[in-house]
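For reference, the structure is listed below as structure tokens.
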Amino acid sequence: MECVIKTIEQAASHNSPCLVIPIFNKGTLSRPARQIDKASKGLIGTLIKRGDIEGKVGQTLLIPALSAIKAERVLLLGCGSGKKLSQGDFLKLVRQLLTQLAKHKVSHATLLLDELSVSGHDKGWMISQLACQGELASYRYHKTLSKPKPASRLKRLTFDGNNNKSLRTASHQGRAIAQGMNIAKELGNLPGNLCTPNYLAQQARRLARQHKKMTTSILDEKKMRELGMGALLSVTAGTEQPAKLIVIEYKGAAKSQKPHVLVGKGITFDSGGISIKPGARMDEMKYDMCGAASVIGTMAAVGELALAVNVVAIIAAAENLPSGAATKPGDVVTSMSGQTIEVLNTDAEGRLVLCDALTYAARFKPASVIDIATLTGACVVALGKHATALYSNQDDFAAELLAAGNAVNDRAWQMPLWDDYQVQLNSNFADIANIGGPEGGSITAACFLSRFSKDYRWAHLDIAGTAWVSGANKGATGRPVGLLTQYLIEKSAG
Ligand code: BES
Ligand code: MN
Ligand code: ZN
């Protein structure tokens, strides 16, 4: 989908398949509403007086064809009182607008929303959100359907506004984030028999081929054994699918600039292993690579925006299955860091692949390291599906990530990483156990990871609740590509 910004002086004479005009429920008509009203001999006033549209947030009314108006259709969009909208109301209005555009099969809409404002945000933010939501609406899953779903008809959004650099950048950023989210959604939605560790490696290679500043290297199991990645390898012991450690490097800034490292959990199917999961909803464990998917989606957005920053993506990709060769509860393995781990539950596999990837991350001398993982069911219990759980060993880093998430409506919530919880990981037979008991499961998982990320500025995002939605419309959400991309945009700004 394309986004265009230009100033539109006269709504009535503007040629477009669909003009979108704001209607306020108090005070005067908006300027474009006044122009249409005048050209159509008071039609807008009549519709409002009759109560056909009141101007409530998100309310819509389509006027199919008016002889006095150049545009093919006019969509009246309720925008509230005319005062600043809350962020929530604005996003609701955007969703309603896109639903209506899809329903009426609009290919190109011109949005005359210049008079709208949202509290706490500027015009650039509004345009980036519109561009983002518009692009997200174009996503369809069809890879494994024999009849593809009809594609989105929406090809272009034109925004009324001064076509300056800052608004163009805002629209580009919104669209790039959505493209990255759509890549992450597609990878998440693909079934485990197609989206294997090897498939993720191929996708990383494909992405790097599209961007001059991006390169990939794939470490196979032999290489991982040489590096001493006993924790990661213990997870892949029960499957025929070879594990991969996928490294993507993006060099957008001087060599002397330390890179920001993103580490993604890429369990392409999590059966639980010998500690096997119950059957109900086990299919959803194909999404256990959504951390990896968000890392790939973010790299795509970073490449698209050509950000002036260095980024390294590390994806720990493996499948967790039971077999005669699988790791058993009670087995002790040695991680790349040298710390030994008692595997009390083979279903706590995410932290086992991540801990070796985190140790590996140190060799890039990172400015910061963020790992992203569908790590614990306990996280879903604690925060539900709205907030990503955020942990960090540095509070100012946590604050930066929270702010980035707030800015793009991809929110996280900081959780405690207190030493008080660490004792739950004590083991009689190894340096550390891989589970911390039933209390505070998302926290003890973060505590486990913290033992492997002491030497740098580190944060952990548990996205078990936010990476996908269950139920009739189940599917991957593309989160937290927005938060991660926004963080890197801010890093590239200075
Ligand atoms: N991938 C799961 C976490 C998960 C569960 C994500 C539900 C999304 C929805 C993870 O590997 C796992 O199985 N975690 C265990 C940890 C436990 C054994 C300590 C869990 O949450 O039950
Ligand atoms: Mn598991
Ligand atoms: Zn898992």
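The values are calculated or read from the model by the stated rules, or taken from the named source; none is laboratory data. Every value quoted in this text rests on a predicted model; they were computed, and no experiment measured them. Quick reminder, even Gly has a Cβ in these numbers, built from the backbone with ideal geometry, and neighbours come from all protein chains shown. Heads up: the accessible areas ignore ligands, DNA and RNA and are worked out on the full protein's heavy atoms, side chains in. Shrake-Rupley method; radii C 1.70, N 1.55, O 1.52, S 1.80 Å.
Some points to look at:
- Amide proton proximity set for Gly264, modelled H, under 5 Å, gap of 5+: Ile314, Ile315, Ala316, Ile372
- Translational diffusion of segment 210-257, estimated by Stokes-Einstein from the Kirkwood radius over alpha carbon pairs at 25 °C in a medium of 0.890 mPa s, is 193 µm² per second.
- By average C-beta atoms within 10 angstrom, highest first, the peptides 177-189, 95-107, 397-409: 177-189, 397-409, 95-107
- Counting Lys and Arg as +1 and Asp and Glu as -1 over every other residue whose Cβ lies under 12 Å from the Cβ of Ala464, the net charge comes to -1.
- Helix-only mean residue ellipticity at 222 nm for the chain, each DSSP H run of n ≥ 4 adding -39500 (n - 2.57), per residue, nearest 500: -11000 deg cm²/dmol
- Mean Cα-pair separation over length for segment 2-159, i.e. relative contact order, pairs under 8 Å, 6 or more apart, %: 29 percent
- Unit Cα scatterers, Debye sum, the chain: log10 I(q)/I(0) for q = 0.08 Å⁻¹: -0.52
- 0 to 90° range, to nearest 10: angle between helix 350-361 axis and the chain longest Cα axis: 90 degrees
- For the chain, the carbon plus sulfur part of the accessible surface works out to 51%, probe radius 1.4 Å.
- Peptides 142-149, 268-275 ordered by packing proxy, namely the average of other Cβ atoms within 10 Å per residue, highest first: 268-275, 142-149.
- Loop sites in segment 264-363: trypsin sites (Lys or Arg not before Pro), DSSP, at most 10 other Cβ within 10 Å: Arg281
- The HN-Hα couplings worked out from phi for segment 158-171 by the Karplus form 6.51 cos²θ - 1.76 cosθ + 1.60 (θ = phi - 60°) are 10, 9, 6, x, 6, 6, 9, 4, 5, 6, 5, 4, 4, 5 Hz, whole numbers, x standing for Gly and Pro.
- Fraction of the pair-distance distribution of segment 99-170 above 18 Å, Cα-Cα pairs, percent: 47 percent
- Amide H to amide H, with H built 1.01 Å from N, Leu375 comes under 5 Å of Ile463, Ala464, counting only residues 5 or more places away or on other chains.
- Ranked by how many other beta carbons lie within 10 Å on average, peptides 439-450, 381-392, 203-214 from highest: 439-450, 381-392, 203-214
- Once the Cα atoms are used to define both axes, helix 87-103 deviates from the longest principal axis of the chain by about 70 degrees.
- Karplus-derived 3J(HN,Hα) values for segment 222-230, using 6.51 cos²θ - 1.76 cosθ + 1.60 with θ = phi - 60°, are 4, 5, 5, 5, 4, 7, x, 7, x Hz; glycine and proline are entered as x.
- In a fully extended conformation the segment linking Asp52 and Asp455 would gain 138.8 nm over its present Cα-Cα distance, using 0.36 nm per residue.
- Using a simple spin-label model with pseudo-atoms 7 Å out from Cα toward Cβ, Lys165 and Ile276 lie 6.1 nm apart.
- Residues with amide H under 5 Å from that of Ile23, placed H, sequence gap 5 or more: Leu77, Gly78, Cys79
- Magnitude of the charge dipole for segment 177-493, about its Cα centre and with charges confined to Cβ atoms of Lys, Arg (+1) and Asp, Glu (-1), is about 1100 debye.
- Qualifying trypsin sites (Lys or Arg not before Pro) in segment 420-463, DSSP loop, other Cβ atoms within 10 Å at most 11: Lys454
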